[in-house]
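Only one structure is covered here, and it is reproduced in the block below.
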Amino acid sequence: MRSPLPRLHAITDERIARRPDLGDIARELATGGGADLALHARGHTLTGLEHYELAVRLSDSPTVRLFVNDRLDIALAVDAEGVQLTPESLSPEEARRLSARWWIGRSVHNLAEAEAAQAGGADYLLAGPVFPTATHPDRAPLGLGALREIVGLGLPVIAIGGVTARNAREVREAGAHGVAAIRALWDATEPAAAARQMLEALWKSS
């Protein structure tokens, strides 16, 4: 039986993947987030070897719950707990043939994509950007209203995009299962405290 879906997801990008202190930050985040934290090995322009090495570095601690984005071959190689798919990836149904134990998520940006992901067999949805974000400055934010519509489909929703400890409560009150972040966690002055604060904001609204 698989563990419950984590409520806090710390996602890497290419810049973070190449940081020499990545392992140290990952361990701090794991200290602050515990079993409710998932670390995502993600980097669209990473080579296969770089992506694999990233996943290995993130899984250095025995307490880490590792998810791998897009690269299902790497997810199998490192025995990841979950995978995060994009529209360009294999379908959730195809991914499930590779591992029945994975949490299989799909990235969505609107209700129509969320409905398609649900119909395709996704276990959860990564929806965003909910708020304006420097990661995707050209993409209009969903807002809490659209997030509620996606939540209404019935799948667990992880909200991403401009989410911080200050607005995590609003996201949770909109019905999201949890949140995901890049800079708010990996670039935090005190990563362990940042993870704890984000989770506290989520649980206070539960």
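If you average the sequence gap of Cα pairs under 8 Å that are 6 or more apart and divide by the length of the chain, what percent do you get for the contact order?
Numbers: 398 pairs, mean separation 41.4, N = 206.
The value is 20 percent.
The figure for THR189 is an accessible area of roughly 140 square angstrom, using a 1.4 Å probe on the protein chains alone. Comparing SER59, SER107, SER99 in a Gaussian network model of the chain where C-alpha atoms under 10 Å apart are linked, the largest mean-square fluctuation is found at SER99. Accessible surface of LEU142, taken over heavy atoms with a 1.4 Å probe and every protein chain present, rounds to 40 Å². Kirkwood-type hydrodynamic radius, the stretch 109-171: 11.8 Å, calculated from all non-identical alpha-carbon pairs. In terms of its Cα atoms, the stretch 70-122 spans 33, 16, 15 Å along the principal axes, sorted from long to short. Matching the structure-derived Kirkwood radius over Cα pairs in Å against the labelled list [x] 16.7; [y] 18.2; [z] 20.9 gives the label [x].
Using the reciprocal of the averaged 1/r over all distinct C-alpha pairs, how large is the Kirkwood radius of the stretch 31-130 in Å? Intermediate results must be reported in sequence, preceding the final value.
Details: mean 1/r = 0.0722 Å⁻¹.
When all Cα pairs of the stretch 31-130 are included, the Kirkwood radius is 13.9 Å.
Computed with a 1.4 Å probe over protein heavy atoms only, the accessible area of ARG71 comes to about 80 Å².
When Rg and the Kirkwood Rh are both derived from Cα coordinates, the Rg/Rh ratio for the stretch 87-206 amounts to 0.98.
The values are calculated or read from the model by the stated rules, or taken from the named source; none is laboratory data. Remember, predicted model here, so these are calculated numbers, not experimental data. Side chains are part of the model used for accessible areas, which takes the heavy atoms of the whole protein and leaves out ligands, DNA and RNA. Shrake-Rupley method; radii C 1.70, N 1.55, O 1.52, S 1.80 Å.
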